[in-house]
Each structure stands twice: as C-alpha cells, then as structure tokens.
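Take a look at the structure set out below.
The values are calculated or read from the model by the stated rules, or taken from the named source; none is laboratory data. The shown structure was predicted, so the numbers you read here are calculated from the model rather than taken from an experiment. Virtual Cβ from ideal backbone geometry, glycine too; neighbours counted across all protein chains shown.
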Amino acid sequence: MAISKHLEFVKESYLQHLWFTVKLTAHLFVLSVVSLIHGLIPWVFSGQVSHGLKYIISTLEARSKIKE
C-alpha cells in the first residue's frame, strides 16, 4: 500500500504525519492572509511572508535530513 510506504519513508506514524501536515497547513494559511493584507496595505507586515517561508523551507530541509 502506498501510504504505508510513504510513512515508512518519512519514519512517522500516521498521527505524527497528520499533525505535522496540520501545523504546516495552518502556517501556510496564516502566511496567505498576511500576504493578502500586505498586498492591500504595503507598509504592514513587510518581510513577514518571506521570513515565514524561509522558516518553513528550513524546517522541511531539516526534517528531510533527520529522516535519512
């Protein structure tokens, strides 16, 4: 089954994987709202989206190194 192979590859249980993706989704949703607000009012949240995306990228890169 494909799902079990993926969970084996990332070395997580189903619930661990689900919790990680829920947190990632929430973070991306907040960044989307912040980006929209920044687009409407450019002097608000300057740099927040790029900082947030860098954090997400570094988290995903560190996570992939741990799983190897």
Query raised in the report: For region 33-61, how many residues are assigned to a helix (DSSP H, G or I) and more than 12 Å from the chain's Cα centre (by Cα)?
Result: 12
Report summary line: Note on region 1-32: residues outside any helix (DSSP H, G or I) and either of a type in the set (Lys, Arg) or under 23 Å from ALA62 (Cβ atoms) (or both) are LYS11, GLU12, SER13
Query raised in the report: In region 5-15, which residues are at pLDDT 85 or above and loosely packed, with under 11 Cβ neighbours inside 10 Å?
Result: LYS5, GLU8, SER13, TYR14, LEU15
